[in-house]
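Participant: The structure that follows is given in the form of structure tokens.
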Amino acid sequence: MKKIQFKTNVKCGACVAAITLEMDKVVPNAWKVDLSHPERILTVEGDVEEETIQLALEKAGYKGESIDA
């Protein structure tokens, strides 16, 4: 299973709630945001393209920058 990580501008629990609808459309129950990390790392597991995740974040009003693993 593929694992992709993104630096995001998701800052709090309310932000996570705001992206949940769009992220669950793309990868239901296969993503999480580490709010304790300074760069608010979004980790996604599954067979999905980076661009798809970035578009889902943008649709929810947020940004993500892929981190090379």
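Participant: Which residues, counting only those in the stretch 44-66, are among the hydrophobic types (A, V, I, L, M, F, W, C) and either exposed (fewer than 14 other Cβ atoms within 10 Å of the Cβ) or farther than 11 Å from Lys3 by Cα (or both)?
Facilitator: Ile53, Leu55, Ala56, Leu57, Ala60
Participant: Still on this structure, please answer the following. Suppose we keep only residues that are among the hydrophobic types (A, V, I, L, M, F, W, C) and modelled with pLDDT of 95 or more within the stretch 39-48. Which one would you say is nearest to the chain's Cα centre (by Cα)? Give the steps one after another, and end with the answer.
Facilitator: Narrowing the stretch 39-48 to residues among the hydrophobic types (A, V, I, L, M, F, W, C): 41-42, 44, 48.
Checking the rest, the ones that are also modelled with pLDDT of 95 or more come to 41-42, 44.
On the way: Ile41: 8, Leu42: 4, Val44: 6 Å.
Among those residues, the one meeting the criterion is Leu42.
Participant: Take the stretch 8-40 and flag every residue that is touching a residue at least 24 places away in the same chain (Cβ under 8 Å) and touching a Ser or Thr at 6+ places or on another chain (Cβ under 8 Å). Explain how you work it out, then say what you get.
Facilitator: Pass one, the stretch 8-40, residues touching a residue at least 24 places away in the same chain (Cβ under 8 Å): 8-11, 15, 18-19, 21-23, 25-27, 33, 35, 39-40.
Within the stretch 8-40, Val26, Val33, Glu39, Arg40 qualify.
Participant: Oh, and also: Just one of Val44, Val48, Val16 is in a loop (DSSP other than H, G, I, E, B) and of a type in the set (A, V, I, L, M); which is it?
Facilitator: Working: Val44 fails: in a loop (DSSP other than H, G, I, E, B); Val16 fails: in a loop (DSSP other than H, G, I, E, B).
On inspection, the qualifying residue turns out to be Val48.
Participant: Moving to a separate point now. Which of the residues that make up the stretch 19-33 are in contact with a helix residue (DSSP H, G or I) (Cβ under 8 Å, 6 or more places away or on another chain) and not in a helix (DSSP H, G or I)?
Facilitator: Restricting attention to the stretch 19-33, the residues satisfying the condition of being in contact with a helix residue (DSSP H, G or I) (Cβ under 8 Å, 6 or more places away or on another chain) are 19, 22-23, 25-27, 31, 33.
Scanning the stretch 19-33 gives Val27, Trp31, Val33.
Participant: Can you give me the number of residues within the stretch 12-29 that are in contact with a Gly (Cβ under 7 Å, 6 or more places away or on another chain) and at pLDDT below 95? Steps first, answer last, please.
Facilitator: Looking only at the stretch 12-29, we keep the residues that are in contact with a Gly (Cβ under 7 Å, 6 or more places away or on another chain), and these are 18, 27.
So of that shortlist, the ones also at pLDDT below 95 come out as 27.
Here the count works out to 1.
Participant: Do we have Ser36 as in a strand (DSSP E or B) and more than 9 Å from the chain's Cα centre (by Cα) here? Steps first, answer last, please.
Facilitator: Working: in a strand (DSSP E or B): no; more than 9 Å from the chain's Cα centre (by Cα): yes.
When the stated conditions are applied, Ser36 does not pass them.
Participant: Quick one: what pairs do we get from the stretch 55-68, first residue outside any helix (DSSP H, G or I), second small (Gly, Ala, Ser), C-beta under 7 Å, 6+ apart or different chains?
Facilitator: Ala60/Ala18; Gly61/Ala18
The values are calculated or read from the model by the stated rules, or taken from the named source; none is laboratory data. All figures in this text were calculated on a predicted structure; none of them were measured in a lab. Glycine gets a Cβ as well: all are built from the backbone with ideal geometry, and neighbour counts include every protein chain shown.
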